[in-house]
Amino acid sequence: MKKPATPTSSSFWSYARSYLHDYLPKVRGASPRTIEAYRISLENYVHYLTSVQDIPREVISFDHFSRDLLKGWVKWMQETKNYQPRTVGLRLTSIKAFLHYVSAEDIVLMAVDESA
């Protein structure tokens, strides 16, 4: 029996690009400011993964979107970065929206969306 394909690091980066450059502006009709806010949220999470969790950018994949890592990120934003609750909520909502998008694009990623 074949093992199901696991999304790779490159699929994370290609989905992020597609989300920001195609889906948000062309399908959802999001404004440039909204797209920028979503981009900043993704970059903020990647920064957390690389600087706090010591995960190299090249290997970031959907495996790094676990509930525990997301909770750690929220705590880091609150305690280390001193972000206001509204900013933390915006960042988290942006990541959840991205995960919902990728789960609709690839059924293999449905579990990632459900676990966040």
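Read-outs: derived from the displayed coordinates by stated rules, not from any lab. Here the structure is a predicted model, which means the values were calculated and not measured.
Within straight-line reach of Lys96, meaning a Cα separation under 17 Å, sit the following aspartates and glutamates at least 8 residues removed in sequence or on another chain: Glu36, Glu43, Asp63, Asp68, Glu105, Asp106, Asp113, Glu114. Evaluated at q = 0.12, 0.15, 0.21, 0.23 Å⁻¹, a Debye calculation over the C-alpha positions of segment 1-104 (equal weights, vacuum) places log10 I(q)/I(0) at -0.41, -0.64, -1.18, -1.35.
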